[in-house]
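Colleague: I have a structure here, written as structure tokens, and I will follow up with some questions on it.
We did not get these values from a lab; they are worked out from the coordinates using the rules stated. As the structure is a prediction and not an experimental result, all values here were calculated from the model. No Cβ is skipped: glycine too gets one built from the backbone with ideal geometry, and neighbour counts run over all protein chains shown.
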Amino acid sequence: MSKPKHPRGLEDSEAQAVTWNIRVSPRKLNLVAGLIRGKRAQDAVAELTFSKRRIAVTVKKTLESAIANAENNHSLDVDRLVVSKAEVGRAQVMKRFHARGRGRSARVEKWFSHLKIVVAEQQLAAEQEAA
């Protein structure tokens, strides 16, 4: 006997990708995630491709993974995908110290983040009017 299967937390028209322990602070990652929330998947990939921020490369990889999951695992139409959620969470914090003058020290915190991107298949306007 095995454990009962964990129920799927997403709708049938959604797929997700998660990246853990990204070496950037959640505040900075949330700025990049805010650029793609609610946009079409192709537009979001283009936005991240030409972004100057270093972390945009990692966000783009996660978004492309979510798109691939939607296409290969859930048989969703890639042309109709929209970034429905881009959640940023706080992970661990590495604590280091920086030597200061007169024998003192200062605390340096190196923040890590989690990123979850959910893409959803959006119905076309003609299909919504017919329904």
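Colleague: Filter the range 1-35 for residues that are touching a residue at least 40 places away in the same chain (Cβ under 8 Å) and over 28 Å from Gln92 (Cα atoms) and give the result.
Modeller: Residues satisfying the conditions are Glu11, Asp12, Ser13, Glu14.
Colleague: Also: Could you list all residues from the range 63-79 that are assigned to a loop (DSSP other than H, G, I, E, B) and of a type in the set (Gly, Ala, Ser)? So that I can check it myself, show each step before the final result.
Modeller: First pass over the range 63-79, keeping only residues assigned to a loop (DSSP other than H, G, I, E, B): 73-77.
Passing the criteria: only Ser75.
Colleague: Considering only residues of the range 71-112 that are surrounded by 14 or more Cβ atoms within 10 Å (Cβ to Cβ) and under 15 Å from Val45 (Cα atoms), which is nearest to the chain's Cα centre (by Cα)?
Modeller: The selected residue is Ala86.
Colleague: From the list Val82, Val108, pick out the single residue that is in a strand (DSSP E or B), under 17 Å from Ile36 (Cβ atoms) and free of Cβ contacts under 8 Å to residues at least 60 places away in the same chain.
Modeller: So the residue among Val82, Val108 that is in a strand (DSSP E or B), under 17 Å from Ile36 (Cβ atoms) and free of Cβ contacts under 8 Å to residues at least 60 places away in the same chain is Val82.
Colleague: Limited to the range 54-63, what total is found for residues that are touching a residue at least 24 places away in the same chain (Cβ under 8 Å) and closer than 16 Å to Asp43 by Cα?
Modeller: Looking only at that region, the number is 5.
Colleague: If we keep just the residues of the range 9-62 that are among the acidic types (Asp, Glu) and in a helix (DSSP H, G or I), which is surrounded by the fewest Cβ atoms within 10 Å (Cβ to Cβ)? So that I can check it myself, show each step before the final result.
Modeller: From the range 9-62, those among the acidic types (Asp, Glu) are 11-12, 14, 43, 47; that's our starting set.
After this cut, where a residue has to be in a helix (DSSP H, G or I) as well, the list is 43, 47.
Working: Asp43: 12, Glu47: 17.
If we take residues in the range 9-62 being among the acidic types (Asp, Glu) and in a helix (DSSP H, G or I), then Asp43 is surrounded by the fewest Cβ atoms within 10 Å (Cβ to Cβ).
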